[in-house]
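Peer 1: Handing you a structure now.
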Amino acid sequence: MSKRIAITGQQEFGQAVFDAFRARGDKVVGVFCRPDQPGTKKDALKEAALAADVPVFQFASLRSRLAQQALGGLDADLGVMAYVLQFAPQAFVTLPRCGTIQFHPSLLPRHRGPSSISWPIALGATATGVTIFRPTDGLDEGPVILQKSVDIGPDETLGGVYFGKLFPLGVSAMLEAADLVMSRRHEETQQDETQASYEGWMHEEESRIHWAQHVDIVYNLIRACDPAPGAWCELGGTKVHVFDVRKHPVRSFAGVAGKPGEIARVTETSIEVNAQGGRIEILRLRPEGGKKMSAGEFARERGLDPPGKP
């Protein structure tokens, strides 16, 4: 039997959830998106809803009486929160008959917060996952309905983990959790606060490369920031964001040459930089204000060579 779904979310993940519910015959009765931001790309969820003649609501705050009246007027069976950056109070999320479920891309209570895909990679974790939970007034603190785990490969990047694993898994988990909740077959498990962690945005300071750190830490940070925001450093006096790198551990003292942060080697396609315990080979980078390019090409343009090279 078709269910009436109200979706709060944005962008491609929100659109995928929107499409998935409609594809199986559920009726999306309304979509709530953030107001349009000047200079940003069009919201994929909003555009999909408008194309399907589904009402779109854009409130500066979901705390407002108007937002709550709008959701209450939709007569929804279930609220679905798919990639939501606005705070949704209990007065909003409890309006649908079966309440609301929310997606989070980590295994809660670990990695609460807005960059929850990046931080497990940066910290060297070998697994992560998705959680569907009941939203409360605490940030990512509500009772868990469903969790699914995935492995993080030793060389996988943020883009690979998200688009290749968490994105499709998150969409299917939303459908599964919705069925459990609407059929009253679900269980709600309180999160263990003794195991909880929170990290903020992976922004400029967090994504800066410190070459004096161990090569494993540097490598994990670069993976965690690829494709966005891009881990960064200075090479030849130019700020660059680095992508597509390889890790080369040093196996013996004889293999150590140069200080951390120094260029150890330049090839036709890459730049190798020293870190503690090894080198990072950079294959692609983006100079500040420029476009992505081959690291070897960047080195030739700027005349970069290892120290001491004649």
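The values are calculated or read from the model by the stated rules, or taken from the named source; none is laboratory data. Nothing here was measured: the structure is a model prediction, and the numbers come from that model. Backbone-built Cβ (ideal geometry, glycine too); neighbour counts: all protein chains shown. Each accessible area value is taken on the protein alone, full model and side chains, heavy atoms only, with ligands, DNA and RNA left out. Shrake-Rupley method; radii C 1.70, N 1.55, O 1.52, S 1.80 Å.
Peer 1: Kindly flag which residue pairs out of Lys165/Lys239; Lys165/Lys292; Lys27/Lys165; Lys239/Lys291; Lys239/Lys259; Lys239/Lys292 have an alpha-carbon separation exceeding 22 Å in this structure.
Peer 2: Over 22 Å Cα-Cα: Lys165/Lys239; Lys165/Lys292; Lys27/Lys165.
Peer 1: Next question. Just the Kirkwood number for region 1-124, please: inverse of mean 1/r across all distinct Cα pairs, in Å, one decimal.
Peer 2: For region 1-124, the Kirkwood estimate is 15.1 Å.
Peer 1: So, with a 1.4 angstrom probe, what is the percent of accessible area on the chain that is carbon and sulfur?
Peer 2: 51
Peer 1: Would you mind calculating the relative contact order of the chain from Cα pairs under 8 angstrom and at least 6 residues apart, reporting the percent as a whole number?
Peer 2: Here the relative contact order equals 12 percent.
Peer 1: Moving on to the next point. In a solvent-free Debye calculation with one equal scatterer on each Cα, what is log10 I(q)/I(0) for region 126-277 at q = 0.10, 0.15, 0.17 Å⁻¹, listed in the order of the q values?
Peer 2: So the normalised log intensities work out to -0.51, -0.90, -1.04.
Peer 1: On to the next question. Once you sort the root eigenvalues of the Cα gyration tensor of the chain as a ≥ b ≥ c, which label holds: rounded (a/c under 1.5), prolate (a/b larger than b/c) or oblate (the other case)?
Peer 2: Since a/c reaches 1.5 and a/b is larger than b/c, the shape of the chain is classed as prolate.
Peer 1: What is the sum of charges around Pro168, taking Lys and Arg as +1, Asp and Glu as -1, for the other residues whose C-beta is under 14 Å from the C-beta of Pro168?
Peer 2: Result for the local shell: -1.
Peer 1: Tell me, what is the per residue accessible area of the chain in Å², probe radius 1.4 Å?
Peer 2: Solvent-accessible surface per residue comes out at 48 Å².
Peer 1: Relative to the first principal axis of the alpha-carbon coordinates of the chain, what is the inclination of helix 215-224, with its axis defined by its Cα atoms, in degrees from 0 to 90 and to the nearest 10?
Peer 2: 40
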